[in-house]
1. Counting other beta carbons within 10 Å of each residue's own, what order do Val116, Val103, Val28 fall into, fewest first?
2. Note down the magnitude of the dipole of segment 22-110 about its Cα centre, charges +1 on Lys and Arg C-beta and -1 on Asp and Glu C-beta and zero elsewhere, to the nearest 20 debye.
3. In the chain, once you exclude exposed trypsin sites (Lys or Arg not before Pro) (DSSP loop, at most 11 other Cβ within 10 angstrom), what's the longest stretch remaining?
4. Counting Lys and Arg as +1 and Asp and Glu as -1, what is the net charge of the other residues whose Cβ lies under 12 Å from the Cβ of Asp99?
5. Which value in Å does the Kirkwood hydrodynamic radius of the chain take, with 1/r averaged over all unlike C-alpha pairs and then inverted?
6. Based on Cβ point charges of +1 for Lys and Arg and -1 for Asp and Glu, what charge dipole magnitude is obtained for the chain about its Cα centre, in debye rounded to the nearest 20?
7. Along the positive direction of the dipole of segment 20-113 (beta-carbon charges: Lys, Arg +1; Asp, Glu -1; about the Cα centre), which of Val94, Leu25, Ala108 reaches farthest?
8. If you line up the long axis of helix 50-67 against the longest principal axis of the chain, both from Cα atoms, how many degrees apart are they, to the nearest 10?
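Taken together, the values in this text are just the output of simple stated rules run on the coordinates, not laboratory data. Predicted, not measured: the structure shown is a model, and the values here were computed from it. Glycine gets a Cβ as well: all are built from the backbone with ideal geometry, and neighbour counts include every protein chain shown.
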Amino acid sequence: MSKEKIESVVEKLVSDIIADSKLELVDVEYVKEHDWYLRVFLDKESGIEIDDCQWVSEQLEAKLDESNLIKDHYYLEVSSPGLDRPLKKERDFVRHAGDKVEVKTYEAINGQKVLVGNLLGLIDGEVRIDIAGQIVNIPREKAAQIRLHIEF
């Protein structure tokens with residue numbers, strides 16, 4: 001089964017598990033590093049807690065064992081996406097409108113490959129940010145990575 005298909009099925013399983021909770025599924029990754037890792041990223045309005053991760057991990061592990069979906073040996077990790085979480089889904093752009101983001105691009109835009117500004121949204125396939133009063137539109141396919149920007 002393809003990596004994408006596994007991610008899709010796991011996304012559905014997790015969505016069913018958390019349907020009646022305040023948890024939100026942020027992302028699912030099935031990646032080969034040295035070993036295979038199945039990573040599930042969760043969030044909730046009041047912040048994710050270790051008990052939330054443990055509960056989802058236990059529920060998901062039981063469903064994965066029952067379905068025998070993944071044939072390879074893998075490690076299951078359930079966690080928060082972190083403070084500098086990547087924005088991938090449309091709902092991420094809605095939820096974080098007004099927040100400061102960092103956009104890394106494949107090619108320079110206005111002479112820069114890293115742009116930091118306030119997120120206005122994802123509009124017509126373009127990431128729209130406000131950089132010191134100047135509106136910049138970045139075609140989504142030209143953005144290598146979009147993350148919340150953390151200032152210390």
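1. Val116, Val28, Val103
2. The calculation lands at about 360 debye.
3. The reported range is 72-152.
4. -1
5. It is 17.0 Å.
6. The calculation lands at about 640 debye.
7. The one lying farthest along the dipole's positive direction is Ala108.
8. It is inclined by approximately 60 degrees.
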